[in-house]
1. Please enumerate the residues belonging to segment 113-124 that are part of a strand (DSSP E or B) and surrounded by fewer than 17 Cβ atoms within 10 Å (Cβ to Cβ).
2. Which one is farthest from residue 64 (Cα to Cα) among residues in segment 154-166 that are at pLDDT 95 or above and surrounded by fewer than 19 Cβ atoms within 10 Å (Cβ to Cβ)?
3. Considering only segment 130-150, how many residues are within 17 Å of residue 117 (Cβ to Cβ) and either modelled with pLDDT under 95 or in a strand (DSSP E or B) (or both)?
4. With respect to the numbered conditions (1) modelled with pLDDT of 95 or more; (2) in a loop (DSSP other than H, G, I, E, B); (3) more than 12 Å from the chain's Cα centre (by Cα), which one is the sole condition not fulfilled by residue 98?
5. For segment 131-146, which residues satisfy the criterion of being within 15 Å of the chain's Cα centre (by Cα) and either surrounded by fewer than 21 Cβ atoms within 10 Å (Cβ to Cβ) or under 22 Å from residue 79 (Cα atoms) (or both)?
6. Out of all the residues in segment 85-100, which are more than 14 Å from residue 63 (Cβ to Cβ) and buried (at least 21 other Cβ atoms within 10 Å of the Cβ)?
7. Do the conditions hold for residue 68, that is, is it modelled with pLDDT of 95 or more, surrounded by 13 or more Cβ atoms within 10 Å (Cβ to Cβ) and either in contact with a helix residue (DSSP H, G or I) (Cβ under 6 Å, 6 or more places away or on another chain) or within 23 Å of residue 138 (Cα to Cα) (or both)?
8. Filtering segment 39-75 down to residues that are assigned to a strand (DSSP E or B) and free of Cβ contacts under 8 Å to residues at least 40 places away in the same chain, which residue is farthest from residue 164 (Cα to Cα)?
């Protein structure tokens with residue numbers, strides 16, 4: 001997993017789905033299904049492996065992912081009903097991953113930043129446009145009650161990536 005602080009909002013770390021998790025998900029996703037690859041004709045799908053958009057002709061996979069599952073195992077919390085599973089696009093084969101920094105070209109519209117407490121409960125969220133997201137993330141993470149943020153699509157609610165303190 002590649003992580004870094006951003007120039008626009010120092011102190012935050014943007015995280016794509018980690019490579020070891022992707023390896024497991026490509027075999028069996030978090031819904032227990034084996035996934036198959038497709039070739040995208042038009043491109044544009046948001047890839048959670050590298051935080052870029054798919055290009056026409058790339059092999060991608062749509063799979064089920066529970067973003068709080070591994071964080072809960074790492075921290076020992078129990079997110080209870082907030083342990084949701086949803087669809088994410090990834091490259092069908094391993095890629096270079098996210099190079100770090102805020103994924104500027106990844107966010108084409110408004111997003112919700114959802115804040116979670118250390119015990120895995122939702123604390124709240126903020127809506128923002130692409131240019132506002134790094135500073136909103138830094139603002140939410142300045143609250144000591146916030147342990148982790150999820151950036152989500154407004155239109156479908158899909159998980160896009162995680163943000164933590166650097």
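1. Scanning segment 113-124 gives 122, 123, 124.
2. Among those residues, the one meeting the criterion is 165.
3. Counting residues in segment 130-150 that are within 17 Å of residue 117 (Cβ to Cβ) and either modelled with pLDDT under 95 or in a strand (DSSP E or B) (or both) gives 3.
4. (3)
5. Kept after step one, since they are within 15 Å of the chain's Cα centre (by Cα), are these residues of segment 131-146: 133-134, 137.
Listed by number, the list holds a single entry, 137.
6. 98
7. yes
8. So the residue we want is 39.
The values are calculated or read from the model by the stated rules, or taken from the named source; none is laboratory data. Only a predicted model underlies this, so the values are computations on that prediction, with no experimental measurement involved. Because the Cβ atoms are built from the backbone with ideal geometry, glycine has one as well, and the counts that use them run over all protein chains shown.
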